[in-house]
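Please read the structure below before turning to the comments.
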Amino acid sequence: MKKVNSIVAFTLVVFFTLMLIPNQSFATQLNNINNNPEAIVTVINNETGEKNITKIKPTVKKNNLTNIMSNDSKSFSTNYEIYVPIEDSTSKITPALSEGKNKTSGGVTARLSVDYDVSANNQKVRLNRIYGGWTPSKPMYVVSNRSVGAHTGLAKGGKKISFKPTSNSFNRYTGWGYNYRIFGDAAPRAWSSAKIRVSGMSGTSHTIKIEFTYSD
């Protein structure tokens, strides 16, 4: 009798242990939801070529958790924002990067966001929207040379969009379908750049760039 009980107990332990191990697809889905890739922000001195590079985390990342166990696709929205203080000193601009809320000096806030879907089997991705902009804290800070782009993976069937906004905000819907997901260096990516200068000053201008991967 004791031997039978031991066999039953062992069987139950093995059963519940196996039940606690998620299948690869579900584990991958959870990893995709919890993954918060950092964006790379680069500020370039257009006179000297000097670069100031930092990494920032998403300000908001939303996903549709209700579809995680269903046959539906999952929707995501990833948003990045950084404030770049710009101080005019003897006709020169000295930038510094800040993720915080302390905006004691004038500058420009740069934002870049994407909305995208991932198929239920985690094998395909669809970029729906790219949006963001640049907000100067004062009219004296002039934004020009704006450029925005994104792609859905550097592989056959991948799609790409690029445009030059004519104002300090942009909101572009793609209308694209799905294509197969790519990971690593060829993963889906979004980027933006703009030149910042002080109005009426002949001093150095700077270029602010934001770049990040999504669905990686």
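Quick notes
- Annotation: amide H-H contacts under 5 Å for Gly107 (H modelled 1.01 Å from N, sequence separation of 5 or more, or interchain): Ile86, Ser137, Lys138.
- For Arg146, the residues whose amide H sits under 5 Å from its own are Lys195, ignoring neighbours fewer than 5 places away on the same chain, with H placed 1.01 Å from N.
- Each peptide among 194-200, 135-141 gets the average number of other Cβ atoms lying within 10 Å of its residues, and from highest to lowest they stand as 194-200, 135-141.
- Over 22 Å between alpha carbons, listed pairs Lys124/Lys156; Lys74/Lys159; Lys156/Lys195: Lys156/Lys195
- Taking the fewest neighbouring Cβ atoms within 10 Å as the starting point, the ordered list for Trp134, Trp176, Trp191 is Trp176, Trp191, Trp134.
- Cubic angstrom per residue, convex hull over Cα atoms of region 114-177: 95 Å³
- q = 0.14, 0.23, 0.27 Å⁻¹, region 138-216: log10 I(q)/I(0) [Debye, one scatterer per Cα]: -0.57, -1.05, -1.27
No value in this document is a laboratory result; all are computed from the given coordinates. Keep in mind that this is a model prediction, so the values were computed, not measured. Every residue, glycine among them, receives a Cβ derived from its backbone with ideal geometry; neighbour counts consider all protein chains shown.
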